[in-house]
Each structure stands twice: as structure tokens, then as C-alpha cells.
Amino acid sequence: MKTNRFWSWIALAFGILYFVVPLIGTLEFSLRMRRGVYSLDAYWVILSDPRFQATFGYSIVMALVTIVVGIVLVVPTAYWVRLRLPSWRPFLEFITLLPLVIPAIVVVFGYIRLYNTSSFLPLTGSAMGTNILLVFGYTMLALPYMYRAVDTGLGAIDIRTMTEAAESLGASRIKIMWSVILPNVLVAVLSGAFLTFAIVIGEFTMAALLNRPAFGPFLQLIGANRAYEPAALAVISFAITWVCMGLIQVVTRLNKSLAATKR
Amino acid sequence: MSFLTISHLKKSFGATTVVHDFNLDIEKGEFVSFLGPSGCGKTTVLRMVAGFETPTSGKISIGGQDVVNLKPNQRNIGMVFQAYALFPNMTVAQNVAFGLKVAKKPQAEIDATVQEMLSLIKLDHLGDRYPYQLSGGQQQRVALARALATKPQVLLLDEPLSALDAKIRVSLREEIRAIQRKLGITTIFVTHDQEEALSISDRIVVMYEGKAEQVGAPFEIYNQPSSRFVASFVGTLNTFDATVRDAAAGIIAIDGKDVMIGQKITNHKTGDKISLAVRPEAVSLGEATDKRETTLDGKINSVHFLGSVIRIRASLGENIVSFDTFNNPSAPPPSPGENVKVSLAAKDMLLLGQ
């Protein structure tokens, strides 16, 4: 028993070192911009760079729009499939898993071929059109996470009986979705939203190939031309992702404690 | 003309027909129970009335209007489900107000109706609670108030007491009946619990394999079952194998002993093997004291002491009979294996149809 625990600790220590040492190295390096002393100069340079503010702001807006589109697409679909077409669930799960196996670069080349300026729907011909295309691309990339989060949330409530109860009280489908279903899967939707946010903020391939001023290409640009700033940017990116993960944990725990109270 | 009419209703799922040619007329303000075992089609009929299932054929009309093609939210029907189905994100008051808000009633009217409904179910002090803060019985009362708030023309109750413990079940069923009487609302109550159906219904529809086996008042269903299924499903029943000795005089032989059943046997001739049923209350321990009773020799199989009553199983030749007797502190119950006399009230024997 004791031997087992010893090796467990060794494995855990190795895992921690494997993940933490590069992070500590990056953090330490990002603080060494000023010779001989630790400083936050690299962070200051990054945060005061107008390109950082512009690209980060752009990506935040894109992430929020992607979250809205994702919710509008996924929540009614997952709800309807669970309610009326349960036999379609495996098919839908397969579809939503495809973005994990099809590389983003393949998808974006497909988009460019389909929606270029000489196509029937020339979305890439304007900045707004390309932004719309990028949002759809991001929505697709986030689909596996958003769908699973929402589907799990729907599985935790008796949607059929609640829908029928609301219908017998005269509610329309839209009213049921808005007032009954959505509030009861809000925690699941938030989990999906935070994951979507983390994915969109760091996404490079689609934004770069569609030539949009997103945070991902800015990360790459800084990384290719500067020394200390990319390390600071990497730490900032990690921090954003961790905040998102932390928020998922918070809402999940909140949901679990609420469920425990309900029992 | 009846308020709610169901005629020639049929429902099939693929090749399986779960409801066959179901017909029923319900008067305004009547409390009708659908009683039957699981899978007999009672909930399917209820769901077709609610609009959650579309009939394969047949007609449902409420207040003279054919509702088959109306969506559930257009039928003005209140429904209470076994699983309560309260909206977890809303307080008790918000749950009750939901249907009124959907109907876009003025806020003052909504507030007044919510208060009235909460008083009706005696939960006016719990309006701000969430469903998870209530007991099962309280949740179901809120579900009832929510269903009644919109003043539906028909109230449908789909096994609303099944998830509750025995004591709450009894008190809540009486409460439901009292509220139904007070409001005079036409109600259909689905249950598989015969005691529930017998105790609160104006009429009972006993269902079996998608058909209405018998429709009648509780007294009638219990005392004059029209089929072997109804007789065996409603109440405890002892069945006997017997031989017709004289069909015209109503004499049969049970275990070789002649018994007068007090009615002509019309569907069988002398010498036929028949089945008879007798309720436990028509069986007693000891010699017959009434000339309309028959005494048979029996042997005690088992004795279960249940407090105020003692449940006895005894063999009468080839037949087994089960009956209850009141506890008498000065007369101990018989012991298993003891030979006893058992008397049957022959006039209460039911000749079972095949």
C-alpha cells in the first residue's frame, strides 16, 4: 500500500514538473526585460500596444457573437432532438465531433473556395462578410464543446414533462424555450460559453487565413519578432484560459450544490 | 349532450395498437377515473385528450368542439403529472402565475388569482419558495394550483399521487376531490390504484389491453364486475371451480357440496364446469348462521395477524379462499393446519364470464 502511494506521489510530482517548469520558465523570462532586475516591462509594452488592444477587443467581440450564435444554434437543436427525435442523437453527436477530426485549415480553405468573391455568396468580398464567415467558423470549432455541455444539461432535467406542462398552460414553443428550458440549462450553457470564449481568443488558423485582425495572429506576429513580449503574452493567454476554466468550475460547483439541495 | 365525448378512439404505434375503439361520455363537473394495470392504454387516452398524442382515428370533443386538430396549448386543459413538472427556476407563485402570464392577463388579476389558488391549496405562506424547498405533497398541490389557475375546461390528472408516500396519498386525494367538487371542474384521473379510484370517483373506466372493460360507479364496478378481468383487478377476489348441478334453480357444486347461488345460470347448462368468484367479505369463519349461506369444510393454510384484522387463507377442497376476520382478544385465531368450518354467502357469489 505504502509502495503504491510512493509511486503515485512520484508520478504526480513528475506531472507537475512537466507542466509547471515551462510555465515558470516562461513567467521568469517575461519578467527579465530590464537587465539585472525583475520587472513588468514586457507586460507594460504588450498592454500599452494599440495592436494588442485592437486585436484583443476584436477577438472578445467575435467570441461573444460566436457564443450567441452557438447558443441559438445548439440549444434549440439539442432540445428538439432530445424531445422529438431521440434516435437522431448518435448522428448529431457524430456531426458535432467532426470539428475535432477535421483540421481548421481544411475547413477555412473550404470556406475560401465556397465564399470567395467570384462565388454565389461572396462573403470574403467585404470585412463584414468575412467577419460573419469567421463567426460561423468559430461556431463550428466550438460545436463539440457547446453541444456536449448543453446536451448534458438537458439530460439532467425532465424536458419532456416540463414542455408538456408548459404546453398545457398555453405556452408556445418559443415561450417554452425562453422561459422554461433555457433558464434550467443556463449553467450548462455558461460552461459551453466559457469554453467557446477560450477557443476563440487563442484561435489562429481561421483568423490568419481569412486575414482578420484577431488576437491569435497578433500572438504569432509578436512571437516571431520580439524576445520578452511573447513570453508575457503567453502568460496573459494562459491566464485568460485559466480564468475561463475557473469560471466553468465555479458554475459547475454551483449547479452541483443546487442539485444536492434539490435532492 | 355530454361535455366531453370520446368516440371510436384508436391509437397505434407502428404495428401495435394500444387503444382500441374507446368510447366515453363525461358530463360537466364529473370526476372520472381511468383504472387499469400498466400498459392498458389509460395514459395514452389521457394524453390524446390533452393533445400530446394524436389519435390514429376517432374523435374527441370538449364542450361540443372537436379538439383533435387543436394543439395542446389551444385546448384550455389543465394537467397534473406524476413527476410534478414544476419549473425549477420559478418560485411557487411564479409557477402558478405562468399560465396567466402566457394568457397575458393583467398583473392585478394574476396576483389575485395566484393568491386565490395558493389559498385553495393551503400554501399561501409558501409563495416565495422554490419547488426544491417543498415536500413531494406540497409540490403536487402547487402543480394542481398551477393547472387550475387558468380556469381550464377539463382537468387531467396523470397518476398524480404515485410518487407520494401512503399517508400523503390518502390526504391529497381527498383534497383533490374536495377542490374538484368546489370548482365543479370536469376531471379525468388516471390511476392503477383501485382504492384511489374507488374512493374518489363518480365513475370508473376499468381498462384492459387498450379497451374499456367496464364503465360504472365504484359500487357497481366492485359489486357487479362485468368480466373476469374487472372482478380480479378491482378488489381481492376468491375464485372457485364449480360444476352446474341445476342451471334453472341456480344450484352448483363446490367440492361435491351443493350450493344455491340465488340466481339462474343462463349461459351454462347442467354439468358444465364454471368459475365463480366471491369477495372476502362474503366469506366468514364458522358455521353458517343464515340459511342463505353455505358451510364448507376447510383447512387453515396460513394466518396473518395485522392488528385490527386477521387475514386467513384456507383450503376448501381444491379451492383456496382468502378472507379477513376482526381481531377478538378473547378468541385467539385458528392455527395453520387446523380443520375449520367456512361459510360462504352464496347470494354474493359472482358467476364469471369467460
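The values are calculated or read from the model by the stated rules, or taken from the named source; none is laboratory data. All values derive from a computational prediction rather than experimental measurement. A quick note on method: Cβ atoms are made from the backbone with ideal geometry, for glycine too, and the neighbour counts reach across all protein chains shown. Each accessible area value is taken on the protein alone, full model and side chains, heavy atoms only, with ligands, DNA and RNA left out. Shrake-Rupley method; radii C 1.70, N 1.55, O 1.52, S 1.80 Å.
So residue B:289 fits all but one of (1) closer than 25 Å to residue B:221 by Cβ; (2) at pLDDT below 85; what number is the exception?
Residue B:289 satisfies all of (1) closer than 25 Å to residue B:221 by Cβ; (2) at pLDDT below 85 except (1).
Can you find a residue that is in contact with a strand residue (DSSP E or B) (Cβ under 7 Å, 6 or more places away or on another chain), at negative phi and facing chain A (nearest Cβ under 8 Å) anywhere in region B:66-73?
Checking region B:66-73: not a single residue is in contact with a strand residue (DSSP E or B) (Cβ under 7 Å, 6 or more places away or on another chain), at negative phi and facing chain A (nearest Cβ under 8 Å).
Could you check residue B:16 against (1) of a type outside the set (Gly, Ala, Ser); (2) in contact with a Ser or Thr (Cβ under 8 Å, 6 or more places away or on another chain); (3) surrounded by fewer than 18 Cβ atoms within 10 Å (Cβ to Cβ) and say which number it fails?
(2)
Return the pair list, or none, for Cβ contacts closer than 8 Å from residues in region B:149-177 that are away from every other protein chain (no Cβ under 14 Å) to residues that are among the aromatic types (Phe, Trp, Tyr), at least 6 apart or on different chains.
Pairs that qualify, where the first residue is away from every other protein chain (no Cβ under 14 Å) and the partner is among the aromatic types (Phe, Trp, Tyr), are B:176/B:189; B:177/B:31.
Which residues, taken from region B:53-65, are within 14 Å of chain A (Cβ to nearest Cβ) and either within 30 Å of residue B:228 (Cα to Cα) or buried (at least 19 other Cβ atoms within 10 Å of the Cβ) (or both)?
Residues of region B:53-65 within 14 Å of chain A (Cβ to nearest Cβ): B:53-54, B:62.
If the condition is that a residue be within 14 Å of chain A (Cβ to nearest Cβ) and either within 30 Å of residue B:228 (Cα to Cα) or buried (at least 19 other Cβ atoms within 10 Å of the Cβ) (or both), then B:62 is the only one that fits.
Among the residues of region A:129-166, which ones are without any contact (Cβ under 8 Å) to a residue 12 or more places away in the chain, open to solvent by 30 Å² or more (accessible area, probe 1.4 Å) and either within 14 Å of chain B (Cβ to nearest Cβ) or closer than 30 Å to residue B:152 by Cα (or both)? It would help to see each step written out before you state the result.
Residues of region A:129-166 that are without any contact (Cβ under 8 Å) to a residue 12 or more places away in the chain, as a first pass: A:132, A:158, A:161, A:164-165.
Remaining after also requiring open to solvent by 30 Å² or more (accessible area, probe 1.4 Å): A:132, A:158.
Selection gives A:158 alone.
Can you tell me which of B:255, B:246, B:193, B:202 is at pLDDT below 85 and either among the basic types (Lys, Arg) or open to solvent by 10 Å² or more (accessible area, probe 1.4 Å) (or both)?
Details: B:246 fails: at pLDDT below 85; B:193 fails: at pLDDT below 85; B:202 fails: at pLDDT below 85.
Within the list B:255, B:246, B:193, B:202, the selection yields B:255.
Looking only at region B:154-190, filter to residues that are in a loop (DSSP other than H, G, I, E, B) and touching a strand residue (DSSP E or B) at 6+ places or on another chain (Cβ under 6 Å); which one of those is nearest to residue B:74 (Cα to Cα)?
Our first condition is that a residue be in a loop (DSSP other than H, G, I, E, B); within region B:154-190, this holds for B:159-165, B:184-185.
Now drop any that are not touching a strand residue (DSSP E or B) at 6+ places or on another chain (Cβ under 6 Å), which leaves B:159-160, B:185.
On the way: B:159: 23, B:160: 23, B:185: 18 Å.
Filtering region B:154-190 for residues that are in a loop (DSSP other than H, G, I, E, B) and touching a strand residue (DSSP E or B) at 6+ places or on another chain (Cβ under 6 Å), the one nearest to residue B:74 (Cα to Cα) comes out as B:185.
For region B:1-106, list the strands (runs of 3 or more DSSP E) that sit wholly inside it and hold at least 2 residues that are not aliphatic (A, V, I, L, M); which are they? Before the answer, list the steps.
Values: elements: B:4-13, B:16-26, B:31-35, B:57-62, B:77-80.
By residue number, B:4-13, B:16-26, B:31-35, B:57-62.
Consider region B:76-85. How many of its residues are at the interface with chain A (Cβ under 8 Å from one of its Cβ atoms) and under 14 Å from residue B:188 (Cβ atoms)? Steps first, please.
Of region B:76-85, the ones at the interface with chain A (Cβ under 8 Å from one of its Cβ atoms) are B:76-79, B:81, B:83, B:85.
In the following step, the residues that additionally are under 14 Å from residue B:188 (Cβ atoms) were identified as B:77-79, B:81.
Number satisfying all stated conditions: 4.
Please go through region B:113-130 and pick out each residue that is open to solvent by less than 60 Å² (accessible area, probe 1.4 Å) and over 29 Å from the mean Cα position of the chain (by Cα). Before the answer, list the steps.
Step one: of region B:113-130, the residues open to solvent by less than 60 Å² (accessible area, probe 1.4 Å) are B:113-114, B:117-121, B:123, B:126-127.
The answer is B:113, B:114, B:126, B:127.
Residues checked against (1) in a loop (DSSP other than H, G, I, E, B); (2) over 30 Å from residue A:159 (Cα atoms); (3) open to solvent by 50 Å² or more (accessible area, probe 1.4 Å):
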position: A:170; (1), (2), (3): yes, no, no
position: A:188; (1), (2), (3): no, no, no
position: A:192; (1), (2), (3): no, no, no
position: A:207; (1), (2), (3): no, yes, no
position: A:220; (1), (2), (3): no, yes, yes
position: A:240; (1), (2), (3): no, yes, no
position: A:243; (1), (2), (3): no, yes, yes
position: A:246; (1), (2), (3): no, no, no
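Using beta carbons and a limit of 8 Å, which pairs, at least six apart or on different chains, have the first residue in region A:174-190 and more than 11 Å from every other protein chain (Cβ to nearest Cβ) and the second one surrounded by fewer than 19 Cβ atoms within 10 Å (Cβ to Cβ) and not in a helix (DSSP H, G or I)?
Once the first residue is more than 11 Å from every other protein chain (Cβ to nearest Cβ) and sits in region A:174-190, its partners that are surrounded by fewer than 19 Cβ atoms within 10 Å (Cβ to Cβ) and not in a helix (DSSP H, G or I) give A:188/A:156.
Among the residues of region B:154-177, write down those that are under 25 Å from residue B:63 (Cα atoms) and surrounded by fewer than 18 Cβ atoms within 10 Å (Cβ to Cβ).
B:177
Every residue in region B:19-46 that is closer than 22 Å to residue B:151 by Cβ and surrounded by 14 or more Cβ atoms within 10 Å (Cβ to Cβ), please.
Taking region B:19-46 first, the residues closer than 22 Å to residue B:151 by Cβ are B:26-32, B:46.
Once the filter is applied, which keeps residues that are closer than 22 Å to residue B:151 by Cβ and surrounded by 14 or more Cβ atoms within 10 Å (Cβ to Cβ), region B:19-46 yields B:26, B:29, B:30, B:31, B:32, B:46.
Residue check: is residue B:244 touching a Leu at 6+ places or on another chain (Cβ under 9 Å) and not hydroxyl-bearing (Ser, Thr, Tyr)?
Details: touching a Leu at 6+ places or on another chain (Cβ under 9 Å): no; not hydroxyl-bearing (Ser, Thr, Tyr): yes.
Taking the combined requirement at face value, the residue does not satisfy it.
Tell me which residues, restricted to region A:75-123, are within 23 Å of residue A:209 (Cα to Cα) and of a type in the set (Gly, Ala, Ser).
Once the filter is applied, which keeps residues that are within 23 Å of residue A:209 (Cα to Cα) and of a type in the set (Gly, Ala, Ser), region A:75-123 yields A:104, A:110, A:118, A:119.
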